[in-house]
Amino acid sequence: MAFLEVKNLHVEIEGKEILNGLTLSVEKGQVAAIMGPNGSGKSTLAYVLAGKSEYNVTEGDVLLNGESILEMAPDARAAKGVFLAFQYPVEVPGVATMTFLRTALNAQRKTRGENELSTPEFMKLVRDTAGHLGISQEMLRRAVNVGFSGGEKKRNEILQMAVLQPKLAVLDETDSGLDIDALKIVADGVNKLRSPDRSMVVITHYQRLLNYIVPDVVHVLAKGRVVKSGGKELALELEAKGYAQFQGEAA
Amino acid sequence: MNAEVRAIRTPAEQALNAAYAAARAKLPGKGAIADLREAAFQRFDAAGLPHRRIEEWKYTDLRALMREAKPLAEPAKAKGKVPALPGLTAGRIVIVNGRYEQAWSEFKPVAGVELSDVFAFAADQKNYRLGEIPGRDDIAVSLNTAFMTGGVALRVAKGVNIEKPIEIAHVFADGTAAAMYPRSVVVVEPGARVTFIESFNGPAGVDYQVNSALELVIGEGAHVDHVTIGSDGDKALRISSLGVKVGAKAIYNGFTYTAGGAVVRNQIFARFDGEGTQASIGGVTLLKGRQHVDNTLVINHAAGGCTSRERFRTVLDGESHGIFQGKIVVEPHAQKTDAKMASHALLLSDEAEADNKPELEIFADDVQCGHGATAGALDSALKFYLMSRGIPENEAEALLIQAFVGEAIEEIVHEGIREALLNAAAKWLQAREQ
C-alpha cells in the first residue's frame, strides 16, 4: 500500500471544477515530482492535501497510510505528518519565528501524545537547521516572514519542515522566485530531509528544480488529472517538448 | 420672550442640575476656582449631555447611555486596598471616590517630585492656572470642572530623571453606585523625565460613574511616558479626559489600555506648542459582552516641525461596540508637520461593531500627514498557515489576536509596564477561550 493515495479526486472552488478525477500514489520514502502547465491543478492538489477549507471535494478520497484525511482539520493532518511548503508563504506580524516553531512543534507532539521538547533540545534543533539554511539568529527573532525576501521565505519553509519532520512533505513551486544560489540552498535543505520514512511531493512548473532535487518518479498533471507518469527522464522530455502534447490529450 | 429652543432635560440632566445646586457651596476651592466651576457648569447647562447629533459624540450618545446621574460620591469610610502592579512603581497616589487619600497611598518623597492637593496647588494663581488646557470647553470636561472634588498635583522639577514610574490610582470604593469627579495636574518641568501610570479600578456589579480629568503640562525638552490602564467594574460608566500641552523638543508617549467598564470614553486633547515635539499616542482596547468603549483624540499641531504618531488597536468580541475618533489639526504656521494616524479593529464576532473616524484638518502647505483605518475579522489565510503547521484553531486564533494586540503594546517604553499589559491581554484571551 502506498503511503499517500489520491483516488479519483474531484475538487471545486467557487463552483469551478479544478481537479477532475485525479489519481496518484506516492510510496513511503519516494520523491514524486508533479509537473504541469499553469492552471492544471497543481496548487489545488497541494492545498487540498493540507486541508484548506475553501476547496470543495465533490468526489474521491485521499488516504494517508490507509486512513482518509479529508474530514480532518489542517492541524490534525499536520499532526499525522502532512506538511505543505507554501508557494507564497504568508507574513505573520507579531509572532516571532521561534515562538511559532515551538508552538507548532509542541502542538503536534501534544496531539500525538508525545512529550514537549525541552528548551535546550528545541534550541539545538532549530539552530543547527537554521545554520545549514543560512537563516540567522536575527531572522529567528523576527516575526514570521515579515520583511523577509522571497528567498528567505522559502528557506524559512524548509526550516519549518526540518523542525516538524513530516512524513509527507508537499513542496508547492518551491523554486518560484528563487535565483540559482537560493535554489541550491533550498534544494540542499530538502535533500538533507530525504529519508526512507518520508515521502515528498515536489510540485513544479519547470524542470530546473529537479536537477537539484532528483525525483524517483515524475507525474504530469493536465486539466485536473494525471496524464502521464514516468521516471526522472520524463522531466527532461517535458523541458524539450513543452506541455502542449498533453493539453490536447486530457481534453 | 425667550426664543431659545432647548430640549426637555433628561432625568440625568435634571439630576446633575440638582446635584450642582446642592453641592455648589460645599465643593472645594474659593474665588477663581469657584468662578471656574460656575462657568463650566453654565457651559454644561446650555448644551446638556452630548448626544448623537453632536458630531464629537456621535457614537457615544450620553443622553442614551447615561440614563441617570448618580449622586456625588462620599469620601471613603474605611481604608482599603487597590489592586497593584506589583513592584513596578516608585509610589502610588491613591484617589478614592474622587479624593486624594493619603492613608491609601504609598508614596515616599522622591527627590525632584512635589506632591500636593490639587486645590492647594492651584490656590496660588501665579503657581498654576487650573483649567487652561486643550479640551476645556468639552462638555464632559466642563462637567468635571463643575463637580471636581479632589485630586493631586505632581510637579517634576527641571532636569530631574525619575526612574521608577509613579502611579495615580483612581478607585471607586463603595457598594452603592455614586459618581466621582477626580481632577489632577501633572507638571513636568523642562528637561525632566518621568513615567507615570493612571489606573482606574472599581467593583464589579456596581454601576458607578467616573468623570475624570487630567491636566498635563510638559516643558521644553522634557520626556514623559504616560500609560493609562482602565480596569473598571463591568457596570461602570467612565469618561476620562486628558488635556496635554507639550513644549518644544519634548517627547510625549501616551498609551491607553482599556479592558474594563460598561461604557468608557477616553478623550485626549493634545496641543504641541513648540517646535520639534515627538509624540506617540496609542492604545489597546479589549472588548467583550456589550461593552462600549470610545477613544477620541484631538491632536493640535500648533507649532511646526513636530512629529506625531497615533496608533490604536481594538479587539471586539460579543456584541461590543468600539469607537475610534481621531482628529489631527495642523495650524497654518505649523509647517514641516509629520503626523500619521492609524486605527485597526479586529472583529471576533458578527454582532460586534467598530467605528473608525479619522480626520485631518490641515491649514499648512508643507506637511506630511496621513491616516489609515481598518476593521475586519482574523485573516483566514494566516489562520490556515498556522493550522497547517499543527496549531489547533483556537490556539491559532489566540496567537493571532495576541500578536495583533502585542504589536501595539510593544510600543510602550517601560519594560515592566509592557510585560504587565501583555500579561493582562493574555489573561483576557484565556478568559475568552473558556
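Taken together, the values in this text are just the output of simple stated rules run on the coordinates, not laboratory data. Everything numeric here is computed off the predicted structure, so don't read it as measured data. We place every Cβ from the backbone using ideal geometry, glycine too, and count neighbours over all the protein chains shown.
Once amide H atoms are built 1.01 Å from N in the peptide plane, which residues 5 or more positions from B:L72, or in another chain, come under 5 Å H to H?
Amide H neighbours of B:L72: B:A179.
Which far-off residues, 5 or more places away or on another chain, put their amide H under 5 Å from the one on B:T256, with H placed in the peptide plane?
Under 5 Å from the amide H of B:T256 lie the amide H atoms of B:T228, B:G282, B:G283, B:V284, each far enough along the sequence or on another chain.
Could you please rank A:V214, B:V298, placing first whichever residue has the fewest other Cβ atoms within 10 Å of its Cβ?
Details: A:V214 15, B:V298 21.
Ordered by Cβ neighbours within 10 Å, fewest first: A:V214, B:V298.
Within a 10 angstrom radius of the beta carbon, how do B:W428, B:W57 rank from fewest other beta carbons to most? Provide the component values of the computation, followed by the final result.
On the way: B:W428 19, B:W57 22.
The order, fewest Cβ neighbours first, is B:W428, B:W57.
Can you list residues whose amide H is under 5 Å from B:F107's amide H, if they're 5+ apart or on another chain and H is modeled 1.01 Å from N?
Those qualifying (amide H under 5 Å, at least 5 residues apart or on another chain) are B:R92.
About the Cα centre of chain B, what is the dipole size in debye to 20, counting +1 per Lys and Arg Cβ and -1 per Asp and Glu Cβ, all else neutral?
Details: 47 positive and 55 negative charges, 229 e Å.
It works out to roughly 1100 debye.
What fraction of the DSSP beta bridges in chain B is antiparallel, stated in percent and rounded to the nearest 5? The partial results should precede the final answer.
Numbers: 8 of 139 bridges.
Antiparallel bridges: around 5 percent, rounded to the nearest 5.
Cross-link list A:K154/A:K228; A:K80/A:K154; A:K28/A:K232: which exceed 21 angstrom alpha carbon to alpha carbon? Working shown, then result.
Details: A:K154/A:K228 29 Å; A:K80/A:K154 23 Å; A:K28/A:K232 18 Å.
Cα-Cα > 21 Å for A:K154/A:K228; A:K80/A:K154; rest within.
Mind checking Rg over Rh on chain B, alpha carbons, Kirkwood formula for Rh?
Values: Rg = 21.2 Å, Rh = 22.1 Å.
Rg divided by Rh gives 0.96.
With a ≥ b ≥ c taken as the square roots of the eigenvalues of the C-alpha gyration tensor of the range B:361-434, please select rounded if a/c is under 1.5 and otherwise prolate if a/b is larger than b/c or oblate if it is not? Let's see the in-between values first.
On the way: a/c = 2.97, a/b = 1.57, b/c = 1.89.
Oblate, because a/c is 1.5 or more while a/b does not exceed b/c.
By the gyration tensor of its Cα atoms, with a ≥ b ≥ c the square roots of the eigenvalues, what is the shape of the range B:244-311: rounded for a/c under 1.5, prolate for a/b over b/c, or oblate?
Cα axes put the range B:244-311 in the prolate bin.
Which whole number gives the average count of other chain Cβ atoms within 10 Å of the Cβ atoms across peptide B:390-400? Working shown, then result.
Values: counts 22, 10, 9, 3, 0, 6, 6, 0, 1, 7, 4.
Mean inter-chain Cβ contacts per residue within 10 Å come to 6.
Ordered by residue, what ³J(HN,Hα) values in Hz, to whole numbers, does the range A:112-125 give under the Karplus form 6.51 cos²θ - 1.76 cosθ + 1.60, where θ = phi - 60° and Gly and Pro are x?
Using θ = phi - 60°, the values come out as 7, x, 9, 6, 5, 6, 5, 4, x, 4, 5, 4, 5, 4 Hz.
Evaluate peptide B:324-337: per residue, the Cβ atoms of other protein chains within 10 Å of its Cβ; return the mean as an integer.
Values: counts 0, 0, 0, 0, 0, 0, 0, 0, 0, 0, 0, 0, 0, 0.
Other-chain Cβ atoms within 10 Å of each residue's Cβ, averaged: 0.
Quick check on my link table: of A:K7/A:K192; B:K126/B:K158; A:K52/A:K184, which ones sit more than 24 Å apart, alpha carbon to alpha carbon? Walk me through the numbers before you get to the answer.
Values: A:K7/A:K192 30 Å; B:K126/B:K158 18 Å; A:K52/A:K184 29 Å.
In this structure, A:K7/A:K192; A:K52/A:K184 exceed 24 Å between Cα atoms.
For the range B:355-362, take each phi angle, set θ = phi - 60°, evaluate the Karplus expression 6.51 cos²θ - 1.76 cosθ + 1.60, and give the result in whole Hz per residue in order, putting x for glycine and proline.
10, 10, 9, x, 9, 10, 10, 10
Kirkwood Rh over Cα pairs of the protein assembly as shown into Stokes-Einstein at 4 °C, 1.567 mPa s: D in µm²/s? Present the calculation step by step, with values, prior to reporting the outcome.
On the way: Rh = 28.5 Å.
My calculation gives 45 µm²/s for D.
Averaged over its residues, how many other protein chain Cβ atoms are within 10 Å of peptide A:91-97's Cβ atoms? Provide the component values of the computation, followed by the final result.
Values: counts 3, 8, 7, 12, 10, 2, 0.
Going residue by residue through A:91-97 and averaging, the value is 6.
Looking only at the protein assembly as shown, where both bridge partners belong to it, what percent of the DSSP beta bridges are antiparallel (to the nearest 5)?
Details: 33 of 182 bridges.
Percent antiparallel among DSSP bridges in the protein assembly as shown is about 20.
Can you tell me the dipole magnitude for chain A around its Cα centre, using point charges on the Cβ only (Lys, Arg +1; Asp, Glu -1), in Debye to the nearest 20?
Working: 29 positive and 31 negative charges, 101 e Å.
Computed charge dipole of chain A: roughly 480 debye.
Per residue of the range A:225-231, in order, report the coupling 6.51 cos²θ - 1.76 cosθ + 1.60 (Karplus, θ = phi - 60°) as ³J(HN,Hα) in whole Hz, putting x for Gly and Pro.
8, 7, 10, 7, 10, x, x
Give the order of A:M72, A:M123, B:M148 when sorted by the count of other beta carbons within 10 angstrom, beginning with the fewest.
Details: A:M72 17, A:M123 14, B:M148 28.
Fewest-to-most Cβ neighbours within 10 Å comes out as A:M123, A:M72, B:M148.
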